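To start, the structure itself, in C-alpha cells.
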Amino acid sequence: MSDAPALVVENLSLAIGPAGLVDGVGFQVAPGEVMAIVGESGCGKSVTAQAIMRLLPDAIRQTGGRILLGGRDISAIPERAMRAVRGQLMSMIFQEPQAALDPLTTVGSQIAEALRQPLGRVRGEVLRMLRDVGISDPERRIDQHPFELSGGMCQRIMIASALISRPAVLIADEPTTALDVTIQAQILDLLRRLAIERQTAVVLITHDMGVVADIADRMAVMYAGRIAEAGPTAEIFAAPRHPYTALLLASIPRLSDVPKSKLAVIEGRVPNPSEFGPGCRFASRCPRADARCAAETPPLRPLGAGRLTACFHAEPPHGTQP
Amino acid sequence: MRARVSPGIAIILLLLAGFVLAAAGAELLSPADPLRQSLLLRLREPGFASRTATYWLGTDDLGRDLLSRILYGARASLLVAALSVSVSLVVGTALGLLAGWFRGWTAVLIMRFVDTMLSIPAILLAVLTVAVLGPGFIKLVMVLGLTRWPRYTRVAYAATLQVAGLPYIKAAEMAGCGATRILWRHILPNIAGPLMVVATSEFGLMILFEAGLSFLGLGIQPPYPSWGSIMSAGRQYVTRAWWLTVFPGACLFVLVLCVNVFGDWLRDRVDPRSRSR
Amino acid sequence: MNTLEITGLKVHFPGRGGAPVRAVDGVSLSIAAGETLGLVGESGCGKSTVSNATVGLLSPTEGSVKVLGTELAGASRETLRAIRAKAQMVFQDPVTSLNPRMTIGEAVGEPLLVRGLARGAALRDQVGALLEEVGLRADHAGRYPHQFSGGQRQRIVIARALALRPALLVCDEPVSALDVSVRAQILNLLVELQARHGMSTLFVSHDLAVVRHVCDRVAVMYLGRIVELAPRDALYSAPRHPYTKALLAAVPEPDPVTQRAKPRVPLEGEIPSPANPPPGCRFHTRCPIAVDRCRSEEPAWRAVGAASVACHLA
Ligand SMILES: Nc1ncnc2c1ncn2[C@@H]1O[C@H](COP(=O)(O)OP(=O)(O)OP(=O)(O)O)[C@@H](O)[C@H]1O
Ligand SMILES: Nc1ncnc2c1ncn2[C@@H]1O[C@H](COP(=O)(O)OP(=O)(O)O)[C@@H](O)[C@H]1O
Ligand code: SF4
Ligand code: SF4
Ligand SMILES: [Mg+2]
Ligand SMILES: [Mg+2]
C-alpha cells in the first residue's frame with residue numbers, strides 16, 4: 001500500500017439551499033485498501049459518495065473541494081468525460097441491489113453493458129466474472145433476470161458488473177445493510193478478496209461498526225456532515241480519541257459484555273442540517289463540551305500515526321508510554 | 001404543516017373567495033331582482049342606463065338584469081356543486097372504508113360496482129337519470145351526488161388498504177379499539193388528504209355538469225337563473241346579444257380554472273412523493 | 001403458570017400457485033413470569049409471524065397459543081380483547097407505529113380510554129406518569145408524533161404498550177430502525193422497565209448481540225421452526241446447532257482484533273422458500289456437516305445439556 005492513492009477527496013463541501021450538508025470532508029484511499037466511512041443515518045455518507053461519483057441530486061450543490069482520481073481532478077470535468085470515468089475508472093454499488101438492477105434485462109447483459117459490449121462478444125469474460133463473485137451455476141444464471149435471484153445474489157451481480165471493467169475505485173454504499181448476517185459475511189469476504197486480488201481501492205460506507213471492524217484497513221467516522229475522527233481501524237477501535245467515537249463504541253452491545261448491564265448512552269439525537277450551529281456539531285451531546293466547543297469549529301488535526309481528530313479535548317492516548 | 005402560499009395561489013384563493021362571497025351575498029350585491037321582467041328593456045347591451053338603473057352587463061331576452069342573474073346563478077352553481085360533492089364524498093368514502101376494512105367479498109362486490117359505474121360515461125348517466133326522474137334542484141344534487149361517488153370509493157379503498165396495514169392500526173387493535181373507532185379516529189383522518197384532492201377536482205367538474213345539464217334544460221329550471229340556463233337561453237341571440245353567453249361563460253371558465261389550479265396545488269401538498277424530503 | 005405457552009404453532013399463508021407459505025411450521029415455546037425470551041433468525045424465518053400470533057393479530061392455522069392460561073386459537077372477539085390487555089406489543093418502525101393525526105397523549109391514553117379504565121383528569125395524570133416513566137415530559141402530551149425523533153417515538157410506543165400494565169410484552173425488532181447512538185437508550189429503558197415491572201418479554205431481533213444483552217433464554221428460528229432453544233449463556237458459549245454456530249460466527253463484532261481472529265464458518269447459499277421447505281432437516285441444504293440421514297429424516301427435538309436442539313448430530 002505504498003503506491004500513490006487511487007482516490008483523494010479534499011475538503012469536500014455540499015449544501016442544499018442555505019443549509020450545509022457536508023463540510024470539509026477529506027480522505028484518501030490506496031489501491032487494494034478498504035477505507036470505511038462510518039456514521040449514523042443522515043450524517044452525509046451517501047451524499048458524499050454521490051458527490052464523488054458526480055451523481056448528486058439536483059437539489060444538492062457541491063460548494064467546495066476537489067476529487068482526485070489517479071491524480072486527476074474530476075470535480076470539474078465535463079459530464080461527457082465523467083461518463084467515461086464512471087464504470088471504467090470508478091464504480092458504485094448500493095444498498096438495495098434489486099432496485100439498482102434493470103428488471104427487464106438479463107444479468108449477463110447488464111454485466112456486459114459495463115464493458116460497453118454486447119453479451120455475445122464478452123460472454124466468456126462475464127462467465128468468469130460471475131464465477132469470481134461466487135455465483136454457482138453461472139451458465140444458467142447469466143441468462144436470468146434479477147427477480148429470479150435472491151438479494152444476496154443480486155448484490156454479487158452488482159459487484160460483478162461494477163468490477164468487470166477493473167476500475168481503480170469502488171464505492172460501496174451500505175452494500176450489506178439489506179442482507180442477513182450470514183449473507184453479509186459472504187459479501188464482505190468477497191469484497192475483501194476482490195479488493196486485494198484486483199488492487200481496487202474500496203470506499204465502504206456503513207453504519208455498522210462490526211462491518212468496519214471486519215474489513216476496513218482505515219476508517220473515517222462522520223458526524224453531522226463532518227469527519228469526527230479518522231485513522232487506521234485497529235487503532236481507532238483500541239483507543240478512540242474523539243468523544244463521539246468513544247461513546248458510540250461503548251454504546252454498542254457486544255457478545256463479550258455483561259448482559260443487562262447499563263450501556264453507555266449518547267443523550268439526545270443527531271441534529272438536522274438546519275440546526276447546525278457555529279461550533280462543534282457534537283457539542284449538544286458531548287460530555288466534554290465547554291464554551292469554546294459551542295462557539296468554534298474544531299479543525300481536523302493530526303495526532304500522529306496517520307490519525308486525525310476534530311476535537312478540542314481529544315482523549316489523550318492511554319496505555320502508551322509517557 | 002403550515003404551507004408557504006405563493007403569490008399565484010394567493011390570487012387563486014382570492015378569486016375563489018370572491019366567487020363564494022358573490023354567491024352568498026347575491027341579495028346585497030344584485031342591482032336588480034333577477035326575476036323581474038320588462039319587455040321594454042329586452043336585450044340591452046352592457047352599460048345601458050335606464051331612468052332607474054344601470055344594467056352593467058346588459059339584459060336578457062326578457063329584460064332581466066344579467067349581472068343579477070349571474071350573481072344568483074353563481075349561488076346555484078356553487079350550491080349544486082358543494083352539495084353534490086358532499087353527497088358523493090360521504091357515500092364514496094363510506095363504501096371505500098368498508099371495502100378496505102372488511103376486504104374479501106365486501107370489497108369484491110363494492111369494487112365491481114365501482115368499476116361498472118366508472119365504465120359508463122358520467123354525463124350520459126346523469127343526463128339519463130335526470131331525463132327519467134325529471135329536473136329540479138334536489139333531484140339534480142342527488143343525481144350528481146349519487147352518480148359521482150365511485151372515484152372517492154376507489155381512492156378511499158386504496159388508501160384504507162394501505163393505512164390498515166400500518167403498525168399503528170395494529171396498535172389500536174391491541175389497545176382494544178372497536179372497528180368504528182379505528183375507522184373513524186385512525187383511518188379516516190389519514191386518508192382525508194387524497195380524498196380532499198378528489199373532492200376539489202370533482203367540484204370543478206360538478207360546476208361544469210350543472211351548467212351542462214341546465215344548458216340542456218335538465219338542471220335548474222326557468223325562471224331561476226343558473227349559468228348554464230342563462231347561456232342556453234342566450235344561445236339563440238349569440239349574434240345579436242353576445243353578452244348573454246360570453247359573461248356567464250367567462251365566469252364558468254374562471255371559476256373552474258381556479259378550482260382546478262387549487263386542486264393541483266392541494267394534490268402537490270398532499271402527495272408525499274412530490275413533497276421534498 | 002407460564003405467561004406464554006405456545007405449542008405446535010403453525011401459521012400458513014395462502015401462497016401463489018397452490019403451495020401455502022409455511023411461515024411458522026410447528027413452533028413450541030414458553031415464557032415464565034418475569035422472563036425474557038429472545039427469538040432470533042434471518043429475515044423471513046417467521047419471527048414476526050410468531051409475535052403477531054402471540055398477541056392474536058394473526059390466528060394460528062394449527063396449534064395453541066396460551067397467554068396466562070387463556071387460549072387464543074379460536075377465541076372470541078371479547079376474549080381476544082381481554083387477552084390483549086395482558087399482552088402488548090412494540091413494533092419495529094417507530095414512524096409508522098403512531099397515528100400521525102393523534103397527539104401522543106391521546107395515543108398513550110387510548111388503551112385506558114377505550115377500555116373505560118380512566119378518563120378526564122385521571123387519564124391525563126396517568127398519561128403524564130407513563131410519559132415520564134419512559135423518559136419524556138408529561139407536558140409533551142399535546143404534541144404530535146412528527147415533533148419527535150425516532151428514539152423518542154419508540155419511547156412513546158413503549159409507554160402506550162405499558163399503559164395497561166401487561167404481563168407480556170412482545171417486542172418485534174424494537175431497536176432495528178433506530179440510529180446506533182439511540183439504540184442504547186432504548187435498550188437500557190427496556191431492561192430497566194422489565195426489572196421494575198417484572199413483565200415477561202418476547203424479544204424478537206436479528207441482532208444476536210442485542211438479544212444476548214437483554215434476554216434470559218434464546219430461541220433460534222430457521223425456516224418456520226425453532227432449531228435450538230437454550231439459556232443465554234449456554235447458547236452463546238456453547239452453541240449446539242450448526243445453524244446457531246454459523247449465525248454466531250457471522251455476527252461482525254465491533255472489535256477488529258477478535259473479529260479478524262474469528263474462525264470463518266461461511267454458510268453457503270441462502271434460506272430456501274417457506275412455500276417449499278426442504279425435506280428432512282430444513283437446514284440440510286446449507287449445513288456444513290449434513291449427512292445422508294439429514295436429507296430424509298426430520299431431526300427430533302431433544303435435550304443436549306441445558307439446551308434443546310433439533311439436529312441429528314448435535
Ligand atoms: N400476510 C402474509 N401473506 C403471505 N406470506 C406472508 C405474510 N406474512 C408473512 N409472510 C411470509 O411468511 C414468512 C415469515 O415472515 P415473517 O414476517 O414472520 O418473517 P420475519 O422472521 O419476521 O422476517 P424479518 O426479519 O424480515 O422481519 C416470510 O416468507 C413471509 O414472506
Ligand atoms: N435528494 C436529497 N434531497 C434533499 N436532501 C437530501 C437528499 N439526499 C440526502 N439529503 C440530506 O442530506 C443529509 C445526508 O444524507 P445522506 O448522505 O443520505 O445520509 P447517510 O449518511 O445516511 O447516507 C441528510 O440530512 C439528508 O436528509
Ligand atoms: S470539540 Fe468539544 S464538543 Fe466537540 S467533541 Fe470535542 S469536546 Fe466535544
Ligand atoms: S440435522 Fe443434519 S442437516 Fe440438520 S442441522 Fe443437524 S447435521 Fe445439519
Ligand atoms: Mg445512506
Ligand atoms: Mg419481522
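Conditions (1) touching a residue at least 12 places away in the same chain (Cβ under 8 Å); (2) more than 25 Å from residue C:144 (Cα to Cα); (3) away from chain B (no Cβ under 12 Å), marked per residue:
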position: C:66; (1), (2), (3): yes, yes, yes
position: C:70; (1), (2), (3): yes, yes, yes
position: C:74; (1), (2), (3): yes, yes, yes
position: C:79; (1), (2), (3): no, yes, yes
position: C:86; (1), (2), (3): yes, yes, no
position: C:105; (1), (2), (3): yes, no, yes
position: C:112; (1), (2), (3): yes, no, no
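Exactly one residue among A:269, A:281, A:254 is within 14 Å of chain C (Cβ to nearest Cβ), in contact with a Ser or Thr (Cβ under 7 Å, 6 or more places away or on another chain) and open to solvent by 30 Å² or more (accessible area, probe 1.4 Å), and that residue is A:269. Reported count of residues in the range A:14-61, each being within 16 Å of ligand 3 (Cβ to nearest atom) and touching a helix residue (DSSP H, G or I) at 6+ places or on another chain (Cβ under 6 Å), is 2.
Looking across the range C:172-209 at every residue that is of a type outside the set (Asp, Glu), more than 9 Å from chain A (Cβ to nearest Cβ) and in a loop (DSSP other than H, G, I, E, B), the one that is surrounded by the fewest Cβ atoms within 10 Å (Cβ to Cβ) is identified as C:198. Would the range C:49-70 turn up any residue that is within 16 Å of ligand 4 (Cβ to nearest atom) and in a loop (DSSP other than H, G, I, E, B)? For the range C:49-70, residues within 16 Å of ligand 4 (Cβ to nearest atom) and in a loop (DSSP other than H, G, I, E, B): absent.
So which helices (runs of 4 or more DSSP H) stay within the range B:138-246 end to end and still have 2 or more residues that are within 14 Å of chain C (Cβ to nearest Cβ)?
Numbers: elements: B:150-164, B:167-175, B:188-215, B:227-234.
Counting at least 2 such residues, we get B:150-164, B:167-175, B:188-215.
Taking the stated definitions as given, is residue B:93 in a helix (DSSP H, G or I), among the polar types (S, T, N, Q) and open to solvent by 70 Å² or more (accessible area, probe 1.4 Å)?
On the way: in a helix (DSSP H, G or I): yes; among the polar types (S, T, N, Q): yes; open to solvent by 70 Å² or more (accessible area, probe 1.4 Å): no.
Against the criterion (in a helix (DSSP H, G or I), among the polar types (S, T, N, Q) and open to solvent by 70 Å² or more (accessible area, probe 1.4 Å)), residue B:93 does not qualify.
To keep it simple, each residue is scored yes or no on (1) open to solvent by 10 Å² or more (accessible area, probe 1.4 Å); (2) modelled with pLDDT under 95.
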| residue | (1), (2) |
| --- | --- |
| A:178 | yes, yes |
| A:181 | yes, yes |
| A:185 | yes, yes |
| A:189 | yes, yes |
| A:196 | yes, no |
| A:200 | no, no |
| A:204 | no, no |
| A:213 | no, no |
| A:216 | no, no |
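In the range B:176-198, the residues that are under 25 Å from residue C:55 (Cβ atoms) form Cβ pairs under 6 Å with partners that are of a type in the set (Gly, Ala, Ser) and open to solvent by less than 40 Å² (accessible area, probe 1.4 Å), at six or more places apart or across chains, as follows: B:182/B:172; B:186/B:172. Per the listing A:7, A:69, A:14, the residue uniquely more than 28 Å from residue A:209 (Cβ to Cβ), buried (at least 21 other Cβ atoms within 10 Å of the Cβ) and either at pLDDT 95 or above or of a type outside the set (D, E, K, R) (or both) is A:69.
For the range A:132-155, name all the residues that are open to solvent by 30 Å² or more (accessible area, probe 1.4 Å) and touching a Gly at 6+ places or on another chain (Cβ under 7 Å).
Taking the range A:132-155 and keeping what is open to solvent by 30 Å² or more (accessible area, probe 1.4 Å), we get A:132, A:134, A:136-137, A:139-141, A:143, A:145, A:147-148, A:150, A:153.
Once the filter is applied, which keeps residues that are open to solvent by 30 Å² or more (accessible area, probe 1.4 Å) and touching a Gly at 6+ places or on another chain (Cβ under 7 Å), the range A:132-155 yields only A:143.
Against the condition of a type in the set (Ser, Thr, Tyr), within 16 Å of ligand 3 (Cβ to nearest atom) and in contact with a strand residue (DSSP E or B) (Cβ under 7 Å, 6 or more places away or on another chain), how does residue A:233 come out, does it pass?
Working: of a type in the set (Ser, Thr, Tyr): yes; within 16 Å of ligand 3 (Cβ to nearest atom): no; in contact with a strand residue (DSSP E or B) (Cβ under 7 Å, 6 or more places away or on another chain): yes.
It is false that residue A:233 is of a type in the set (Ser, Thr, Tyr), within 16 Å of ligand 3 (Cβ to nearest atom) and in contact with a strand residue (DSSP E or B) (Cβ under 7 Å, 6 or more places away or on another chain).
Close contacts from the range B:242-262, counting a first residue that is under 15 Å from residue B:215 (Cβ atoms) and without any contact (Cβ under 8 Å) to a residue 40 or more places away in the chain and a second that is assigned to a helix (DSSP H, G or I) and open to solvent by less than 20 Å² (accessible area, probe 1.4 Å), with Cβ to Cβ under 6 Å and a gap of 6+ residues or different chains, come to B:245/B:234.
Every test in (1) away from ligand 1 (no atom under 13 Å from the Cβ); (2) touching a residue at least 12 places away in the same chain (Cβ under 8 Å); (3) more than 14 Å from chain B (Cβ to nearest Cβ) is passed by residue C:18 save one, and that test is (2). Residues that are of a type in the set (Asp, Glu) and surrounded by 14 or more Cβ atoms within 10 Å (Cβ to Cβ) occur at least once in the range A:91-100.
Checking each residue of the range A:225-235 against the condition of being open to solvent by 30 Å² or more (accessible area, probe 1.4 Å), more than 20 Å from residue A:45 (Cα to Cα), within 12 Å of chain C (Cβ to nearest Cβ) and of a type outside the set (D, E, K, R) gives at least one match. Please indicate, with yes or no, whether at least one residue in the range C:210-228 is within 8 Å of chain A (Cβ to nearest Cβ), over 17 Å from the mean Cα position of the chain (by Cα) and not β-branched (Val, Ile, Thr). For the range C:210-228, residues within 8 Å of chain A (Cβ to nearest Cβ), over 17 Å from the mean Cα position of the chain (by Cα) and not β-branched (Val, Ile, Thr): absent. Looking only at the range C:76-101, how many residues end up being under 28 Å from residue C:205 (Cβ atoms) and in contact with a Pro (Cβ under 9 Å, 6 or more places away or on another chain)? Total meeting the criteria: 17. Could you list all residues from the range A:9-34 that are within 14 Å of another protein chain (Cβ to nearest Cβ) and away from ligand 5 (no atom under 16 Å from the Cβ)? If the condition is that a residue be within 14 Å of another protein chain (Cβ to nearest Cβ) and away from ligand 5 (no atom under 16 Å from the Cβ), then A:17, A:19, A:34 are the ones that fit. If you filter the range C:24-42 down to residues that are touching a helix residue (DSSP H, G or I) at 6+ places or on another chain (Cβ under 9 Å) and of a type outside the set (A, V, I, L, M, F, W, C), you find that the one that is surrounded by the fewest Cβ atoms within 10 Å (Cβ to Cβ) is C:34. Among the conditions (1) buried (at least 22 other Cβ atoms within 10 Å of the Cβ); (2) under 22 Å from residue C:14 (Cα atoms), residue C:73 misses just one, which is (1). Only residues that are open to solvent by 50 Å² or more (accessible area, probe 1.4 Å) and more than 18 Å from residue C:150 (Cβ to Cβ) were counted in the range C:77-101, giving 6. Restricting attention to the range A:246-304, the residues that are more than 16 Å from ligand 5 (Cβ to nearest atom) and either over 30 Å from residue C:234 (Cα atoms) or part of a strand (DSSP E or B) (or both) total 37.
Among helices (runs of 4 or more DSSP H) entirely within the range C:239-314, having at least 2 residues that are open to solvent by 30 Å² or more (accessible area, probe 1.4 Å) singles out C:256-261, C:292-296.
The values are calculated or read from the model by the stated rules, or taken from the named source; none is laboratory data. A quick note: this is a predicted structure, and the numbers were derived from the prediction, not measured. Glycine gets a Cβ as well: all are built from the backbone with ideal geometry, and neighbour counts include every protein chain shown. In case anyone asks, the SASA skips ligands and DNA or RNA and just uses the protein heavy atoms, side chains included. Shrake-Rupley method; radii C 1.70, N 1.55, O 1.52, S 1.80 Å.
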